[in-house]
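I have placed the structure first, in the form of structure tokens, so that the comments after it can refer back to it.
The values are calculated or read from the model by the stated rules, or taken from the named source; none is laboratory data. What you see is a predicted model, and the numbers here were worked out from it, not measured in a lab. Virtual Cβ from ideal backbone geometry, glycine too; neighbours counted across all protein chains shown. The accessibility values were calculated without ligands, DNA or RNA, using every heavy atom of the protein model including side chains. Shrake-Rupley method; radii C 1.70, N 1.55, O 1.52, S 1.80 Å.
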Amino acid sequence: MRSTAILALLGLGLVASSPVFAIESFPGTNTGAISDAPSGSPSCGVNNLGPPRVVSFDVNGLVFPTVGISVSMNLVHSWRGDLVVKLAAPGGSPSKIIFSHTGSNVPNGCGHNGALNGLYTFEDTADRDWWGSAFPTIPEGSYRVSSPGGADPGGGAVLLNPDFRSLPPELANGTWTLTFWDAGDAGTGSVNAATLYIDQTDLIFRDGFQTATP
């Protein structure tokens, strides 16, 4: 089937390097305040999560298996070490921690006190290290996903795409979720907007046929 498509496109003189399917974007709903963790002892940590803020993405119209995933979020929070953020496909699986307990490698640590204020995108092609950006206010931009904190080791840059790659349309179409928990009782914040990006470009067209295999 793919070989036939290639010959047809070449016969029509179409530009081979142009991908046939664009990256689809899906806006999130149910944004808003992220509830604080319960007060008391411990004041921070993996066993002290507040009620979740669940942002949903209505994914529809996908016709090919997923190739790549990325997610952006407009976040405001006074203590980023409090936050635990997880992306999940329809039905809850597969799922991936985007970041958690940033700056802490112990269960009850409060983590890095940098503030979040802006648009943050998490994608495998990003150059920035989320844990390494230890500024008073974390700069907006693109970051790599990090392994969960709250344990040692934690916080290393990891890939997002392998967990979600090759999901067929019957599993990728549906309600995706991006869940936020607050793990500390000091900082406050909200998620003001979020967007899920799904690349379902047919692999044979990604690099002008250069990566195609028989």
For this session: Give the residue that is nearest to P148 (Cα to Cα), with candidates limited to residues of segment 40-58 that are outside any strand (DSSP E or B) and of a type in the set (S, T, Y).
Result: S43
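Against the condition at pLDDT 90 or above, under 30 Å from R165 (Cα atoms) and surrounded by fewer than 21 Cβ atoms within 10 Å (Cβ to Cβ), how does L75 come out, does it pass? Please lay out each step first, then the result.
Numbers: at pLDDT 90 or above: yes; under 30 Å from R165 (Cα atoms): yes; surrounded by fewer than 21 Cβ atoms within 10 Å (Cβ to Cβ): no.
When the stated conditions are applied, L75 does not pass them.
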Exercise. Since G155 meets every condition but one in (1) more than 24 Å from P90 (Cα to Cα); (2) open to solvent by 20 Å² or more (accessible area, probe 1.4 Å), which condition does it not meet?
Worked result: (2)
Problem set entry | Count - residues of segment 167-185 that are crowded, with 16+ Cβ neighbours inside 10 Å and part of a helix (DSSP H, G or I) | 3
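Against the definition (hydroxyl-bearing (S, T, Y), assigned to a strand (DSSP E or B), touching a residue at least 40 places away in the same chain (Cβ under 8 Å) and buried (at least 18 other Cβ atoms within 10 Å of the Cβ)), how does S70 come out, yes or no?
Working: hydroxyl-bearing (S, T, Y): yes; assigned to a strand (DSSP E or B): yes; touching a residue at least 40 places away in the same chain (Cβ under 8 Å): yes; buried (at least 18 other Cβ atoms within 10 Å of the Cβ): yes.
Yes; evaluated as a whole, the condition is true for this residue.
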Exercise. Residue check, T188 against (1) hydroxyl-bearing (S, T, Y); (2) modelled with pLDDT under 95; (3) under 24 Å from V54 (Cβ atoms); (4) open to solvent by less than 50 Å² (accessible area, probe 1.4 Å), all met but one. Which one?
Worked result: (4)
Seminar exercise, completed: The number of residues in segment 3-58 that are open to solvent by less than 50 Å² (accessible area, probe 1.4 Å), modelled with pLDDT under 95 and over 30 Å from D185 (Cβ atoms) is 4
Seminar exercise, completed: In segment 130-146, anything under 20 Å from L196 (Cα atoms) and either outside any loop (DSSP other than H, G, I, E, B) or open to solvent by 10 Å² or more (accessible area, probe 1.4 Å) (or both) is listed as E140, G141, S142, Y143, R144, V145, S146
